[in-house]
Amino acid sequence: MTAPAISLRHVTKNFGMTEIIQGVDLDIRAGERHAIIGPNGAGKSTLFHLISGKHAVTDGRVYLHGSDITGLPPYEISRLGLSRSFQVTNIFPRLSVFENVRSALLWRRGYRYSFWHLIDRQKGLNDEVDAVLADIGLDARRDMPAGILAYAEQRALEIAITVASGAEVVMLDEPTAGMSHAETAEMVELIRRVTEGKTLVMVEHDMGVVFDLADRISVLVYGRIIATGAPEAVRANAEVQEAYLGEVAGAS
Amino acid sequence: MKPQGMARGGSPPGQHGQPGRLGQPGQLGPPGQLGLWAGFALLLAGLPLVFSSPVAVTIMNQMGISILFALSYNMLLGQGGMLSFGHAVYFGLGGFFAVHVMNVVDHDGWPIPLPLLPFLGGLFGLLFAVIVGSFSTRRAGTVFAMISLGIGELIAACSIIFVAFFGGEEGVSADRTMGPPVFGHAFISEIEVYVLTAVIVFLATALMYLFSRTPAGRMANAVRDNAERAEFVGYSQRHVRFISFCASGFFAGIAGGLFAINYEILTEENLNLVTSGWVLLMAYIGGVGYFIGPMVGAVLLTLLQTVVSVHTEIWRLYLGILFLLTVMYVPTGLTGLVMMHGPAWRAGRLGLLAWPYARAFLPLLAFLSGAIALLEMIHHANAAVATTWVVFGYEFGLGSVWPWSIVAALLILGFFGLRRCLPEVREAWDEANSTGEAS
């Protein structure tokens with residue numbers, strides 16, 4: 001059996017005295033679409049930051065395809081084939097849409113820190129970027145500065161940057177946040193298409209999206225995973241129902 | 001939409017290829033670009049034919065040095081998002097090294113031809129940039145700015161301590177003519193130095209432009225825009241900045257080497273914080289968002305420093321006002337001011353602006369001359385150097401009420417004239433820039 005795409009072993013994270021992530025064990029299988037859900041403040045985004053290297057874990061280990069990536073900087077984790085998006089749109093605002101996507105491709109296509117390749121001469125690279133733009137539906141915005149795109153377009157660009165390089169593991173943090181119903185439906189189709197054959201981990205609040213896309217779901221409540229399983233099993237889980245329904249009651 | 005937004009808005013959807021904004025993202029070498037470079041070469045070649053006096057040639061040499069220096073600075077500020085207050089260090093060190101090499105050539109007879117010196121100066125600037133960049137590029141923003149300031153102060157202080165290298169207060173001087181002749185030229189006359197300067201300016205400018213079109217140069221822009229995101233696509237922000245920083249130090253050193261050739265002397269002034277501030281002003285006033293911006297700024301400020309300063313003692317005051325106005329109202333610099341007419345020009349509607357601009361020109365001229373006259377008269381009255389002020393051979397007695405009334409009239413007429421013209425200009429602007437889309 002192949003190693004899980006991502007493995008978390010007793011991962012904890014403290015911010016000062018507060019334990020935000022309290023010993024999470026989780027295996028994300030290679031090739032599955034895995035959603036992480038949970039109430040606000042459960043630590044879902046923090047968990048993303050710990051996996052992708054934005055924050056250092058306080059304790060525990062993180063594995064990517066079986067190799068230990070605990071404590072690596074984000075750029076090294078990215079080079080190993082893990083790519084992520086952000087909850088708040090995180091693009092290169094003054095670069096053109098085209099350049100945003102090209103930036104995401106450069107390292108994985110072997111250009112590294114080259115100052116001896118003229119970038120406009122790299123036909124294969126530039127064609128590939130145009131193909132990504134066409135696929136994502138942003139080709140008409142190709143030469144616009146990314147900062148002036150409409151919100152939904154920026155979200156789509158965010159996804160494009162995340163998946164452009166062809167990373168095997170894709171993590172999306174609330175890809176449909178703030179979108180209209182129609183935009184959400186489009187985004188779901190987009191995600192389904194571009195993550196074909198890859199491992200997808202997503203944080204999502206929209207349960208429609210979650211049950212539509214996810215093969216498996218994990219429920220994170222106050223820094224702990226209380227359930228992991230197929231959508232139907234998780235929906236039927238008594239503890240999960242309590243966590244969601246009892247959220248208000250539990251606070252009193 | 002506001003004018004600012006339109007200027008940055010770029011082409012409407014579906015229209016590929018941007019105009020010749022050198023160094024701006026997104027364009028795949030528009031066909032006009034080779035023409036621009038050919039024009040630049042022709043300009044460099046033709047200038048000494050038009051301005052042939054030795055003074056003019058000296059000024060043009062200074063412009064060339066400033067252009068390189070300012071362009072190298074913009075590799076940090078405009079391209080890489082690093083605000084440096086100590087860039088003169090690399091310029092000065094490159095210059096000092098070149099002067100010392102010149103002396104070695106002179107005294108020990110090393111056969112190093114003069115045209116190689118800027119390159120050697122560049123290597124010395126690069127060496128120092130590698131050392132400083134190894135720790136200063138970890139962060140951008142305030143930390144980087146403070147470190148650059150600290151290094152600038154430190155090296156300036158060293159110039160008094162290491163007298164053997166920096167020559168103390170009087171600096172180090174040399175004779176550029178003692179090297180082996182190049183194609184029969186010993187670089188005695190200014191025009192010989194001009195040719196050398198022009199060739200190196202052209203080559204180094206082209207190299208800096210090409211650098212901006214490489215993966216390392218493009219990622220410098222990406223890190224400037226969003227360092228965090230760059231890390232999540234595989235690039236260490238620190239390494240990206242480090243590469244730009246080293247390249248910038250190299251080209252600053254080349255400019256320093258050219259300075260050494262031109263003036264045959266370097267002093268602490270060439271690497272202190274004043275010079276570091278000067279290069280910031282050149283780049284910013286010209287426009288850091290465009291590749292040619294710093295070149296524009298370098299030419300303009302060199303003119304201020306050499307030509308305007310002959311006519312007025314308070315030219316630094318005008319420079320300060322110009323800088324403030326740029327920062328507050330035209331953060332894209334003088335180049336940006338021109339470039340924001342691009343969309344209207346491409347839409348073929350620039351003509352709509354011609355008449356309103358022409359009408360606003362007269363009151364603007366009145367207001368500006370009134371303001372300048374007022375400043376000059378106050379300066380002359382206060383400095384008590386003279387009770388008169390001579391303009392165009394015409395003598396104003398500052399004791400009389402007449403000149404003051406004329407100035408007041410110019411200011412008032414100009415001010416109210418501008419107020420009348422501005423709505424018309426704004427309207428024409430909106431019309432010229434309406435894209436036909438919903439806006």
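The values are calculated or read from the model by the stated rules, or taken from the named source; none is laboratory data. Being a predicted model, the structure only gives us computed values, none of them experimental. Neighbour counts run over all protein chains shown; Cβ positions are idealised from the backbone, glycine included.
Could you tell me whether A:Asp173 is of a type in the set (Asp, Glu) and more than 18 Å from A:Ile6 (Cβ to Cβ)?
Against the criterion (of a type in the set (Asp, Glu) and more than 18 Å from A:Ile6 (Cβ to Cβ)), A:Asp173 does not qualify.
Mind counting the residues in the stretch B:338-384 that are farther than 14 Å from B:Arg426 by Cα and of a type in the set (A, V, I, L, M)?
18
Determine, yes or no, whether B:Tyr290 is within 17 Å of the chain's Cα centre (by Cα) and surrounded by fewer than 21 Cβ atoms within 10 Å (Cβ to Cβ).
When the stated conditions are applied, B:Tyr290 does not pass them.
Is it true that some residue in the stretch B:140-150 is at pLDDT below 95 and in the same structural domain as B:Leu266 (by TED's automatic domain parsing)?
yes
Could you tell me whether A:Ile21 is under 28 Å from A:Tyr151 (Cβ atoms) and under 20 Å from the mean Cα position of the chain (by Cα)?
no
Do we find a residue being surrounded by 19 or more Cβ atoms within 10 Å (Cβ to Cβ), at positive phi, under 16 Å from the mean Cα position of the chain (by Cα) and away from chain B (no Cβ under 11 Å) anywhere in the stretch A:41-55?
Yes, the stretch A:41-55 contains at least one residue that is surrounded by 19 or more Cβ atoms within 10 Å (Cβ to Cβ), at positive phi, under 16 Å from the mean Cα position of the chain (by Cα) and away from chain B (no Cβ under 11 Å).
Can you tell which of B:Ile254, B:Ile314, B:Ile265 is in the same structural domain as B:Leu196 (by TED's automatic domain parsing), within 27 Å of B:Gly171 (Cβ to Cβ), touching a residue at least 24 places away in the same chain (Cβ under 8 Å) and touching an Asp or Glu at 6+ places or on another chain (Cβ under 9 Å)?
Exactly one residue qualifies, and that residue is B:Ile265.
State yes or no: is B:Phe242 modelled with pLDDT of 95 or more, crowded, with 24+ Cβ neighbours inside 10 Å and under 30 Å from A:Glu99 (Cα atoms)?
Criteria not met by B:Phe242.
Quick test of your reading of the structure: B:Ala222 fulfils all but one of (1) free of Cβ contacts under 8 Å to residues at least 40 places away in the same chain; (2) within 25 Å of B:Val55 (Cα to Cα); (3) not aromatic (Phe, Trp, Tyr). Name the failing condition by number.
The number of the failed condition is (2).
Matching residues to (1) of a type in the set (A, V, I, L, M, F, W, C); (2) surrounded by fewer than 24 Cβ atoms within 10 Å (Cβ to Cβ); (3) under 17 Å from B:Gly253 (Cβ atoms):
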{"residue": "B:Gly92", "(1), (2), (3)": "no, no, yes"}
{"residue": "B:His107", "(1), (2), (3)": "no, yes, no"}
{"residue": "B:Leu117", "(1), (2), (3)": "yes, no, yes"}
{"residue": "B:Leu127", "(1), (2), (3)": "yes, yes, yes"}
{"residue": "B:Val130", "(1), (2), (3)": "yes, yes, yes"}
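Quick one: which helices (runs of 4 or more DSSP H) sit completely within the stretch B:196-288 and have at least 1 residues that are away from chain A (no Cβ under 14 Å), of a type in the set (Gly, Ala, Ser) and closer than 30 Å to B:Leu116 by Cβ?
Of the helices (runs of 4 or more DSSP H) lying wholly inside the stretch B:196-288, those with at least 1 residues that are away from chain A (no Cβ under 14 Å), of a type in the set (Gly, Ala, Ser) and closer than 30 Å to B:Leu116 by Cβ span B:237-263, B:273-286.
So for the stretch B:177-185 (the condition being in contact with a helix residue (DSSP H, G or I) (Cβ under 8 Å, 6 or more places away or on another chain), under 23 Å from B:Pro118 (Cα atoms), part of a loop (DSSP other than H, G, I, E, B) and more than 14 Å from chain A (Cβ to nearest Cβ)), does at least one residue qualify?
Yes; the residues of the stretch B:177-185 include at least one that is in contact with a helix residue (DSSP H, G or I) (Cβ under 8 Å, 6 or more places away or on another chain), under 23 Å from B:Pro118 (Cα atoms), part of a loop (DSSP other than H, G, I, E, B) and more than 14 Å from chain A (Cβ to nearest Cβ).
So is A:Ala164 within 9 Å of chain B (Cβ to nearest Cβ), under 30 Å from A:Ser7 (Cβ atoms) and touching an Asp or Glu at 6+ places or on another chain (Cβ under 9 Å) or not?
Yes, satisfied.
More than 14 Å from every other protein chain (Cβ to nearest Cβ) and on the phi > 0 side of the Ramachandran plot - does that describe any residue in the stretch B:310-332?
no
Looking only at residues in the stretch A:85-107 that are assigned to a helix (DSSP H, G or I) and among the aromatic types (Phe, Trp, Tyr), which one is surrounded by the most Cβ atoms within 10 Å (Cβ to Cβ)?
That would be A:Phe98.
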